[in-house]
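Chemist: Dropping the structure in here first, questions after.
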């Protein structure tokens, strides 16, 4: 499915969700690191809000040429959560993502402001381990998404730019932990977990899997091959799937990124 979605993106030629790095005619690799605050409310578990700090890193490849920008990114993060009834952070929430994106510059607005339209293909996986509430099971959300993205960039100076990006999945294949988990996780090795978090997938659209993501960033070039960026990212997830119960995730992240 992911391969088919990539072919769709390449053939249309005007879809994108990207890192905020854009140096014409160049390829770059880089990484970013951020600190976050996460809130999770999973009605499949108990409907309580679990919140707390987290951290994450991303590694990516970026290529820009002829008004097109392509990015390949892998991300991983962990958060340490607790509810109002807990005195310590015994809940661990793991997040991972693999994303390919492509965007195209479509017009220039007043002055040095550019507008882009595009889309992304993304695999997104989240797992919650709630030791104080259910030590025998884990709770997951796995999605394979094809989405839309809008992006506006403003050139502050010759070496600095500011940008605002908004991404939104439109079509997703989703797997969720079921409302009733009757059996203990007897052998939670890697193969077992990968199979479990992809069971019983269902096709969902915007109203059932709503996951907008907003990103604000300022980027500066230092020399010909090195760039640094400061960013703030906000994401909201709502999922309503038959056989499971409502899930809400709110994530704020601030961080720094480097490209070489």
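Every number here is computed from the coordinates shown, using simple stated rules; none is lab data. Computed from a predicted model, the values in this text were never measured in an experiment. Cβ placement follows ideal geometry from the backbone for every residue including glycine, while neighbour counts extend to all protein chains displayed.
Chemist: Over the chain, what is the relative contact order in whole percent, taking alpha-carbon pairs under 8 Å and six or more residues apart? Mind showing how you got there, number by number?
Modeler: On the way: 718 pairs, mean separation 49.9, N = 260.
Value for the chain: 19 percent.
Chemist: Rounded, prolate or oblate for the stretch 76-205? Axes are the square roots of the Cα gyration tensor eigenvalues, ordered a ≥ b ≥ c, and the cut-off for rounded is a/c under 1.5.
Modeler: It is prolate, given that a/c is not under 1.5 and a/b is the larger ratio.
Chemist: What shape does the stretch 52-118 take by its C-alpha gyration tensor, where a ≥ b ≥ c are the square roots of the eigenvalues and a/c under 1.5 counts as rounded, a/b above b/c as prolate, and the rest as oblate? List each step's numbers first, then the result.
Modeler: Values: a/c = 4.74, a/b = 2.43, b/c = 1.95.
The shape class here is prolate.
Chemist: Once the cut-off is 25 Å, how many percent of the Cα-Cα pairs in the stretch 2-259 end up in the long-distance tail? Intermediate values should be presented prior to the final figure.
Modeler: Working: 15156 of 33153 pairs.
Result for the distance tail: 46 percent.
Chemist: Whole angstrom only: what separates the Cα centroid of the stretch 87-105 from the Cα centroid of the stretch 124-181?
Modeler: Computed from Cα coordinates, the inter-centre distance equals 6 Å.
Chemist: Could I ask something else about it? Which percent of Cα pairs goes in each bin when the distances of the stretch 182-260 are cut into 5 angstrom slices starting at zero?
Modeler: Distribution as computed: 3, 11, 14, 13, 12, 13, 12, 10, 7, 3, 1, 0 percent.
Chemist: Roughly how far apart, in whole Å, are the Cα centres of the stretch 188-210 and the stretch 52-78?
Modeler: So the two Cα centres are separated by 22 Å.
Chemist: Another one. With runs of 4+ DSSP H residues as the only contributors, calculate the mean residue ellipticity of the chain at 222 nm using -39,500 (n - 2.57) per run, divided by the residue total and rounded to the nearest 500.
Modeler: About -2000 deg cm²/dmol.
Chemist: Between 71, 240, 189, find the one with the highest GNM mean-square fluctuation for the chain; connect C-alpha pairs within less than 10 Å.
Modeler: Checking each option, the largest mean-square fluctuation is seen for 189.
Chemist: Continuing with the same structure: Most exposed first by the Cβ proxy, i.e. fewest other Cβ within 10 Å, how do 55, 173 rank? Walk me through the numbers before you get to the answer.
Modeler: On the way: 55 15, 173 19.
Neighbour counts put them in this order, fewest first: 55, 173.
Chemist: OK, next. Taking the 0 to 90 degree range and rounding to the nearest ten, how far is the long axis of helix 2-12 tilted relative to the main principal axis of the chain, both from C-alpha atoms?
Modeler: 30 degrees
Chemist: Sticking with this one: Quick one: order 159, 105 by neighbouring beta-carbon count within 10 Å, fewest to most. Write out the running numbers ahead of the final one.
Modeler: Values: 159 12, 105 20.
Exposure proxy ranking, most exposed first: 159, 105.
Chemist: Among 191-201, 77-87, how do they line up from the highest to the lowest mean number of other beta-carbon atoms within 10 Å? Please list the in-between numbers first.
Modeler: Details: 191-201: 13.4, 77-87: 16.3.
The peptides rank, most packed first, as 77-87, 191-201.
Chemist: Listing 108, 176 from the residue with the fewest other Cβ atoms within 10 Å to the one with the most, what is the order? Write out the running numbers ahead of the final one.
Modeler: On the way: 108 10, 176 27.
So the residues, fewest neighbours to most, are 108, 176.
Chemist: Now, a different point. What FRET efficiency, computed as 1/(1 + (r/R0)^6) with R0 = 25 Å and r the Cβ-Cβ distance, is obtained for residue 46 and residue 240, rounded to the nearest 0.05? Walk me through the numbers on the way to the answer.
Modeler: Numbers: r = 17 Å, r/R0 = 0.70.
Computed FRET efficiency for residue 46 and residue 240: 0.90.
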